[in-house]
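Enquirer: Just dropping this structure here.
Read the figures in this text as sums done on the coordinates, not as results from a lab. Bear in mind the structure is a predicted one, so any value in this text is a computation, not a measurement. Quick reminder, even Gly has a Cβ in these numbers, built from the backbone with ideal geometry, and neighbours come from all protein chains shown.
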Amino acid sequence: MSWFRKKDQKVEAVPANERHVKTEGVFQKCPRCETALSRRHLEESLQVCPHCNHHFRLDARLRLAITFDGGEYEELDSEVTSIDALGFVDTKPYPERLVQAKQNSGLPEAIINARGLIGDHLVFVGAMDFSFLGGSMGSAVGEKVTRIIERAINERAAVITFSASGGARMQEGMLSLMQMAKVSAALSLLEEARLPFISVLTDPTTGGVTASFAMLGDVIIAEPKAQIGFAGPRVIEQTIRQKLPEGFQSAEFLLEHGMVDMVVDRREMRPMLIKLLNFMVNPEVHPQVAQVALANNNGKGSSTISQPETSGALSKLDGQPK
Amino acid sequence: MNETTIVNDPLTALERVKLARHKDRPYTLDFIERLFEDFVELHGDRRFAEDAAIVCGLARFHGSPVVVLGHQKGRGTKQSVRRNFGMPKPEGYRKALRMLKLAEKFNRPVFSFIDTSGAYPGIDAEERGQAEAIAHNLRESSKLRVPVIVTVIGEGGSGGALAIGLGDRVLMLENAVYSVITPEGCAAILWKDAGEAERAATNLRLTASELYRLGIIDRVVAEPPGGAHTTHDETARLLDDALQETLAEVTQFDPPSRLTQRYKRLRALGRWTTSV
């Protein structure tokens with residue numbers, strides 16, 4: 001049977017010590033249950049471990065894609081980006097950190113603004129991304145949150161935010177802190193206009209973001225096991241000099257203490273948002289909403305924040321709606 | 001070290017921080033005693049508890065009824081513990097909101113005094129919604145129809161300060177500081193070394209003059225030579241002048257235009273770019 005014999009050995013065996021299966025980029029280990037998950041499966045389950053329901057942190061653009069109808073949305077305000085207003089230098093100058101954050105995350109800022117339809121309702125969404133400087137809120141993030149709120153007022157639409165943040169951005173000092181006041185003031189106008197605001201808290205939501213827009217939703221939803229709080233766990237431990245109980249500051253802890261309305265699995269999030277919007281968007285309360293949604297959408301940018309409109313909503317504070 | 005020499009020298013940011021925390025510095029009640037008459041302290045948030053880290057009530061300012069509120073630190077161990085070192089819990093912020101609503105109902109101006117190292121970071125505070133209490137105050141005070149004048153008298157500690165710090169005008173005593181994080185906390189996170197507090201303090205731009213330059217506060221109120229801790233009476237007198245002028249300034253507007261101005265003022269805060 002000589003024709004089975006290999007005549008020349010062109011394929012050389014890999015030396016035993018170098019043999020390994022290349023799985024880089026194919027599998028990802030779940031940090032909770034330690035199961036090796038194929039990336040493809042993980043994508044299909046929206047970055048949720050199918051075995052233990054661990055919710056991986058989600059890229060802001062992926063978040064938008066799985067939230068809007070047909071995955072379609074128009075990105076807004078991407079030109080609003082951070083600058084080094086204070087000349088802040090820690091172990092690295094702040095401008096260098098910004099360049100690095102943009103490269104690492106592939107995002108222009110720690111939040112991405114978008115406009116689109118969810119369950120046929122016109123919604124402005126701000127999705128934060130923890131991979132951009134810990135999702136910290138500086139001037140640009142505060143400005144972008146304010147802009148989606150003002151746009152929603154102008155277009156009689158709803159607002160949804162997905163927060164993921166370590167809090168105010170230290171490198172912009174008090175300018176960061178004041179963003180808490182700015183976005184909260186904008187939200188009071190949204191409330192005055194009786195427009196919906198749904199706040200979704202994802203892992204982690206802490207500090208200045210929690211203590212401003214994230215806790216001001218008409219309805220507040222948290223993703224399972226997300227860490228949510230005001231002060232960081234280490235700061236609390238140092239202050240009270242004792243170990244924190246298991247599950248402290250988890251989404252479930254907040255639910256138990258009455259701080260969020262519900263804990264919703266990411267795979268159930270979109271249907272839940274649609275249910276809530278169906279309840280909140282009421283043509284009798286805001287007649288233009290339905291029209292805008294119907295007339296939508298010739299893909300036009302909506303960069304029309306007119307100051308009169310805004311102060312118009314403000315002056316309505318005068319005559320309270322009956 | 002002799003305090004007087006420090007004050008007369010050009011001060012570093014960290015030296016201002018130390019002055020702002022000075023144990024003899026006038027606290028909110030010291031100012032209330034000197035600036036207001038007929039102070040009636042009110043207590044409790046009607047939800048959970050009284051919080052002595054915030055004092056508030058009704059008073060008269062040069063004869064006219066007003067609402068006053070502010071963080072209150074204690075002197076000595078016993079008082080400090082009673083006041084929780086000036087670190088409010090959610091019930092403190094909810095009590096403050098009650099006062100703001102009272103002011104609104106009876107159409108009286110509000111004077112708020114800031115002096116805290118921050119909101120209390122504890123298990124109970126988190127359980128009762130520290131973040132929610134602060135956020136709620138921010139939203140509600142942005143739409144108050146009555147004049148609100150805020151003065152940072154000592155330490156302005158992040159969100160715990162801002163929670164009662166949103167107003168038509170923000171004044172700041174010369175040696176007070178106002179920061180997104182304590183210099184020590186910032187140093188521990190960014191430099192991984194709390195010993196770098198000096199550099200953190202400088203970088204954070206937390207002094208009154210820096211914050212005036214950044215447009216975050218509206219007026220720096222001079223302290224007597226030697227600093228506020230050397231004479232409470234004189235400090236109060238200087239602040240009194242500033243408060244009277246500021247009150248006159250904001251009361252000349254009707255509520256709608258005051259609200260528009262307040263929104264515009266907040267709306268303009270921040271520095272960013274739109275050039276790609």
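Enquirer: Determine the relative contact order of chain B: mean sequence separation of Cα pairs under 8 Å and six or more apart, normalised by residue count, in whole percent.
Expert: This gives 19 percent for chain B.
Enquirer: Order these by the 10 Å Cβ neighbour count, fewest first: A:223, A:79.
Expert: A:79, A:223
Enquirer: Could you please tell me the mean projected area of the C-alpha convex hull for the protein assembly as shown, averaged over all directions and given in square nanometres to one decimal?
Expert: So the Cα hull casts an average projection of 34.8 nm².
Enquirer: Please report the relative contact order for the stretch B:31-88, taking Cα pairs under 8 Å with a sequence separation of at least 6, and give it as a percent rounded to a whole number.
Expert: Normalised by residue count, the contact order of the stretch B:31-88 is 30 percent.
Enquirer: Just want the ordering: B:238, A:201, from fewest to most Cβ atoms lying within 10 Å of their own Cβ.
Expert: Exposure proxy ranking, most exposed first: B:238, A:201.
Enquirer: Let me ask another. To make sure I understand the rule: partners must be aspartates and glutamates, Cα under 19 Å from the Cα of residue B:101, and not fewer than 8 residues away in the same chain. Which ones qualify?
Expert: A:191, A:192, A:318, B:41, B:45, B:50, B:51, B:91, B:132, B:140, B:168, B:254
Enquirer: What ranking of B:168, B:240, B:124 emerges when the number of other C-beta atoms within 10 Å of each C-beta is taken as an exposure proxy, fewest first?
Expert: Going from least to most buried by this count: B:124, B:240, B:168.
Enquirer: While we're here: Projecting each Cα onto the charge dipole of the stretch B:136-198 (Lys/Arg +1, Asp/Glu -1 at the beta carbon, about the Cα centre), which of B:178, B:160, B:195 comes out farthest on the positive side?
Expert: Result: B:160, furthest along the dipole toward the positive end.
Enquirer: Looking at the stretch A:158-265, which GluC sites (Glu not before Pro) are in a loop (DSSP not H, G, I, E or B) and have at most 12 other Cβ atoms within 10 Å?
Expert: Of the GluC sites (Glu not before Pro), the ones in loops of the stretch A:158-265 whose Cβ has at most 12 other Cβ atoms within 10 Å are A:246.
Enquirer: Sticking with this one: Counting DSSP beta bridges with both partners in the stretch A:58-282, what percentage is antiparallel, nearest 5?
Expert: Around 40 percent antiparallel, to the nearest 5.
Enquirer: Report the charge-dipole magnitude of the stretch B:1-131 in Debye, nearest 20, computed about the Cα centre from +1 at each Lys and Arg Cβ and -1 at each Asp and Glu Cβ.
Expert: 240
Enquirer: What does the C-alpha gyration tensor say about the overall shape of the stretch A:155-203? Classify as rounded when a/c is under 1.5, otherwise prolate if a/b is larger than b/c, or oblate.
Expert: Oblate.
Enquirer: Additional query: Which residue, B:125, A:157, A:86, has the largest displacement toward the positive end of the dipole of the protein assembly as shown when charges sit on each Cβ (Lys, Arg +1; Asp, Glu -1)?
Expert: Selected residue: A:157.
Enquirer: Could you size up the charge dipole of the stretch B:79-199 around its Cα centre, putting +1 on the beta carbon of Lys and Arg and -1 on that of Asp and Glu, and report it in debye to the nearest 20?
Expert: 760
Enquirer: Also: Of the beta bridges DSSP finds with both residues in the stretch A:32-175, what % are antiparallel, to the nearest 5?
Expert: If we restrict to bridges inside the stretch A:32-175, about 70 percent are antiparallel.
Enquirer: Given axes a ≥ b ≥ c from the Cα gyration tensor, I'd like to know whether the stretch B:124-191 is rounded (a/c under 1.5), prolate (a/b larger than b/c) or oblate.
Expert: Judged from the Cα gyration tensor, the stretch B:124-191 comes out oblate (a/c at least 1.5, b/c at or above a/b).
Enquirer: Looking at the square roots a ≥ b ≥ c of the eigenvalues of the Cα gyration tensor of chain B, which shape do they give, rounded for a/c under 1.5, prolate if a/b is larger than b/c, or oblate?
Expert: It comes out rounded by the Cα gyration axes.
Enquirer: Where the centroid of each part is defined by its Cα atoms, how far is the stretch B:109-148 from the stretch B:32-91 in Å?
Expert: 14
Enquirer: Something else about it: What is the antiparallel percent of DSSP beta bridges lying wholly in the stretch B:13-267, to the nearest 5?
Expert: Percentage antiparallel, nearest 5: 40.
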